[in-house]
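The values are calculated or read from the model by the stated rules, or taken from the named source; none is laboratory data. In this text, all values refer to a predicted model and were calculated from it rather than measured experimentally. Cβ coordinates were reconstructed from backbone atoms using ideal geometry, including for glycine residues, and neighbour counts include every protein chain displayed. All accessible areas refer to the heavy atoms of the entire protein, side chains included, with ligands and DNA or RNA removed. Shrake-Rupley method; radii C 1.70, N 1.55, O 1.52, S 1.80 Å.
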Amino acid sequence: MARDAQNRAQFRPAEHPNDSFLLTSIVGSYPKPKWLNRADELADDPESKFDEGDLEEAHDDACRLITHEHERAGLDTVVDGEMRRNEMVEFFAHRIDGYEFNGPVKVWGHNYFDKPSVVEAVEYDEPWLVEEFEFTNEVAERPVKVPITGPYTLAYWAFNEAYESKEALAYDLADLVNEEIEKLVDAGARYIQIDEPALATTPDDHAIVGECLERIADGVPEEVRIGLHVCYGDYSRIYPELNEFPVDEVDLELCNGGYEQIEVFADGEFAPDLALGVVDAHVADVESVAEIKENIKEGLKVVPPEKLTISPDCGLKLLPRESAYGKMENLVQAAREVEEELDAGEVDVPVRDIAPADD
């Protein structure tokens, strides 16, 4: 149940070199410069003269740097790499009334996050991302995408001590996300991505996520692009149900699994645009342009080029920065070369042979 097939056109550069257009983007997170991590440490050190104003300047510098890095790689839409954020749930929980924190929880390897508890009804107070967006939008020469952790993940990756069910909590959070998007739209945002990694771990809850998205999309203008990012999981348990989600684009992590699940979606009925992961976010080796081109063509089994977005599998924050940049640069080059081949009629688009004809 895609919202508006035309809202993708606003992200096509005015001087795009090819008739075909594969929108290129990035999921969200990106490796932080090492000096930014040091700045965070200094700001927490009571013996240091480095204060909150210095830290804000460091964050501004990092956001400016990474935004320009994405543009230098050639991406059509950019993100600041989430330089101001720490962890995708923790960041938002600090900004939503009703959460409190009890200490870090180990999630994998040597990685921890401060898992919050919901201790009373969640409420919206100050905007979460508007200043972040406005800064990046001022810095960027290309359109800016805004990733937001979705309400289902915000509910299910926290301890619930206030609601009868996490489902009820997720619906209240969805209303808050809708309020935040309203403020982002007023500030000029035109591309919003809802991140729901928790759906991949509990795919039978797709109906809950669908209701959350209905609440999120309520009243959002049709020209504003809404995407949904879902991390790797058993996608057969959420398809074809995701066709009913009120989003323009669904972003899937398929490169990681060697596109074994691409046939799940290759029935000619995939309704939203497909944002296809074409580089692996978990491997530092940079895929070649030739390899990425073959990955892009996997997406053409599901949607035609005018409905295909090219991105990494997931956030890149755990990679070495030079690897992340190399992947982005090759991703863009591969997309442009596939566009040239599409213009020349050298690429098969099998989905066009099975999709129903327009009336």
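Would you check which residues across the stretch 267-276 are farther than 12 Å from TYR235 by Cβ and either surrounded by fewer than 20 Cβ atoms within 10 Å (Cβ to Cβ) or not acidic (Asp, Glu) (or both) and list them?
Of everything in the stretch 267-276, those that are farther than 12 Å from TYR235 by Cβ and either surrounded by fewer than 20 Cβ atoms within 10 Å (Cβ to Cβ) or not acidic (Asp, Glu) (or both) turn out to be ASP267, GLY268, GLU269, ALA271, PRO272, ALA275, LEU276.
Within the stretch 1-25, restricting attention to residues that are in a loop (DSSP other than H, G, I, E, B), out of contact with any Ser or Thr (no Cβ under 6 Å at 6 or more places or on another chain) and open to solvent by less than 20 Å² (accessible area, probe 1.4 Å), which residue is farthest from GLY299 (Cα to Cα)?
ASN18
Please find, within the stretch 64-114, the residue that is modelled with the lowest pLDDT out of those that are among the β-branched types (Val, Ile, Thr) and open to solvent by less than 20 Å² (accessible area, probe 1.4 Å).
Taking the candidates together, the pick is VAL89.
Which of (1) closer than 24 Å to ILE216 by Cβ; (2) touching a helix residue (DSSP H, G or I) at 6+ places or on another chain (Cβ under 9 Å); (3) buried (at least 24 other Cβ atoms within 10 Å of the Cβ) does ASP251 not meet, given it meets every other one?
(2)
For VAL130, which of the numbered conditions (1) surrounded by 18 or more Cβ atoms within 10 Å (Cβ to Cβ); (2) touching a Leu at 6+ places or on another chain (Cβ under 8 Å) fails to hold?
(1)
Step by step: first the residues of the stretch 29-47, then only those that are open to solvent by less than 30 Å² (accessible area, probe 1.4 Å) and at pLDDT 80 or above, then the one that is nearest to GLY188 (Cα to Cα). Which residue is that?
By that ranking, first place goes to SER29.
Please pick out the residue among LYS307, LYS297 that is within 16 Å of GLU260 (Cβ to Cβ) and more than 15 Å from the chain's Cα centre (by Cα).
Just a single option satisfies the conditions, and that option is LYS297.
Yes or no, residue by residue, for (1) surrounded by fewer than 19 Cβ atoms within 10 Å (Cβ to Cβ); (2) assigned to a loop (DSSP other than H, G, I, E, B):
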{"position": "VAL27", "(1), (2)": "no, yes"}
{"position": "LEU55", "(1), (2)": "yes, no"}
{"position": "ALA58", "(1), (2)": "no, no"}
{"position": "ALA62", "(1), (2)": "no, no"}
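What helices (runs of 4 or more DSSP H) completely inside the stretch 257-359 contain at least 1 residues that are of a type in the set (Ser, Thr, Tyr) and at pLDDT 95 or above?
321-343
Looking at ASP234, ASP280, ASP285, ASP251, which one is of a type in the set (Asp, Glu) and touching an Asp or Glu at 6+ places or on another chain (Cβ under 8 Å)?
ASP280
Which ones in the stretch 202-237 are of a type in the set (Asp, Glu) and touching a Leu at 6+ places or on another chain (Cβ under 8 Å)?
The one that is of a type in the set (Asp, Glu) and touching a Leu at 6+ places or on another chain (Cβ under 8 Å): ASP205.
Being farther than 24 Å from VAL230 by Cβ and touching a His at 6+ places or on another chain (Cβ under 8 Å) narrows it down to one residue among VAL79, VAL139; which is it?
Checking each option against the conditions leaves just VAL139.
So which pairs qualify, if the first residue must be in the stretch 247-274 and on the phi > 0 side of the Ramachandran plot, the second must be open to solvent by less than 10 Å² (accessible area, probe 1.4 Å), the Cβ gap must be under 7 Å, and the two must be at least 6 apart or on different chains?
GLY268/VAL351
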